[in-house]
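These notes are about the structure you will find just below.
The values are calculated or read from the model by the stated rules, or taken from the named source; none is laboratory data. What you are looking at is a predicted structure, and each value in this text was computed from that prediction instead of being measured. We place every Cβ from the backbone using ideal geometry, glycine too, and count neighbours over all the protein chains shown.
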Amino acid sequence: MSEQTPVAIIGAGPAGLIAADVLSAAGKRVVVVERMPSAARKLLMAGRGGLNLTHAEPFETFIARYGEAAAHLRPMLEAFAPEDLVAWVEGLGQETFTGSSGRVFPKAMKASPLLRALLRRLADRGAVIRLNTTWLGWRDDGALQFADGGAVRSLRADATLLALGGASWPRLGSNGLWTDALAARGVQLEPFRPANAGFNVAWSAHFRSRFAGQPLKTIAIRHDAREVRGEAMITRYGVEGGAIYALSAGLRASVPTTVTIDLRPALTHAQIAAKLTRAKRGDSLSSTLRKALGLTPLAIGLLHENGPPLRAPEALAELIKAAPVRLLAAQGLERAISSAGGVARSAVDDALQLRALPGVYVAGEMLDWEAPTGGYLLQASFATGVWAARAILAG
């Protein structure tokens, strides 16, 4: 690996591969280096759930999902918006569809056809992907260094794009070990934190053994002033799922903390109390809750986790609208879907070029941003890859 090459991309995930596509389409010679034995392992794992590419909601609603990173990501998400990602995917021969919730998926409902089509196109353009090759940093003269089959090799590039991922799901390649090489060069970093992760709850033994693995559907979870509707999954360690993930940044910062779960968000307190008042006398509490409100055994079990609930309609309605769950701690990075932290936003310029290392760009999850599941993670990963590639072409 001693040849001269105009652009080196370190990391063959969504950000790195779409950047390679943009650069090779413009006639640039590209070498993509990947530590793992195959490309885009996290993308393939995401594809097992249908590969939620992006979301079709109005853009201002969409951009707000990125929280405090929204202003930083806005120009990139405007330049490569959800409709642009859909057009790119369909340009690779993969039809898409939008579900009733606004989530966008490939019709194949998996990542492998899209990945194969992209890798074929890159190969046809002469882009090279080197697998089982670990980036080690830089030599004193600025050349990139790699471990390749037991040998240490070097490569010089006019521009380098780092797309090494964050620190979640490390067994799939994102271990965050690249931080040492960047810190040694004066790049400002933020500590990694689990995002889109579950939280520990001290469930009773009965509740855990009976309900672990079951979902709470059509609920609303509230924490502080925020409310998110969706689903949550009861696990042996606690709770996870989309509604929890959407609140995870605030929850992570305040655990231990209590959330409340509205088991019937479509009904008001007064409507629930009225239904309970009209319930058949003599029925057990479980029968009343099942017949009057359609609550599942899981929802009923949750109401009992803080002791036997009061049967008075007003008090029981209040509990149904705000069942408390005490979250003790977030699950670690090894179980998180994504991570916050990494390269600080202040460490890159408007082109995603590292201020401390001119000619070196950063894209994807290794940048410090986070978003809930629902298409937002992949959209920003792809968009930052496109943004950095276009900046390299413009430079």
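Working only within the range 168-179, note down all residues that are on the phi < 0 side of the Ramachandran plot and modelled with pLDDT under 95.
Residues of the range 168-179 that are on the phi < 0 side of the Ramachandran plot, as a first pass: 168, 170-172, 174-175, 177-179.
Hits for the range 168-179 are Ser168, Pro170, Arg171, Leu172, Ser174, Asn175, Leu177.
Only one residue in Gly150, Gly126 is in contact (Cβ under 8 Å) with a residue 12 or more places away in the chain and on the phi > 0 side of the Ramachandran plot, so which one is that?
Gly126
Residue by residue through the range 50-93, note down the ones that are of a type in the set (Val, Ile, Thr) and either assigned to a helix (DSSP H, G or I) or more than 19 Å from the chain's Cα centre (by Cα) (or both).
Matches in the range 50-93: Thr61, Ile63, Val86, Val89.
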message = Given (1) in the same structural domain as Pro37 (by TED's automatic domain parsing); (2) assigned to a strand (DSSP E or B), identify the lone condition not met by Leu216.
response = (1)
Which listed residue, of Ala243, Ala232, is under 20 Å from Lys321 (Cα atoms), touching a residue at least 12 places away in the same chain (Cβ under 8 Å) and outside any helix (DSSP H, G or I) = Ala232
inquiry  = If I go through the range 351-395 residue by residue, how many of them are under 23 Å from the mean Cα position of the chain (by Cα) and among the charged types (D, E, K, R)?
reply    = 3
inquiry  = Return the residues of the range 269-290 that are within 40 Å of the chain's Cα centre (by Cα) and among the polar types (S, T, N, Q); say none if nothing qualifies.
reply    = Gln271, Ser286, Ser287, Thr288
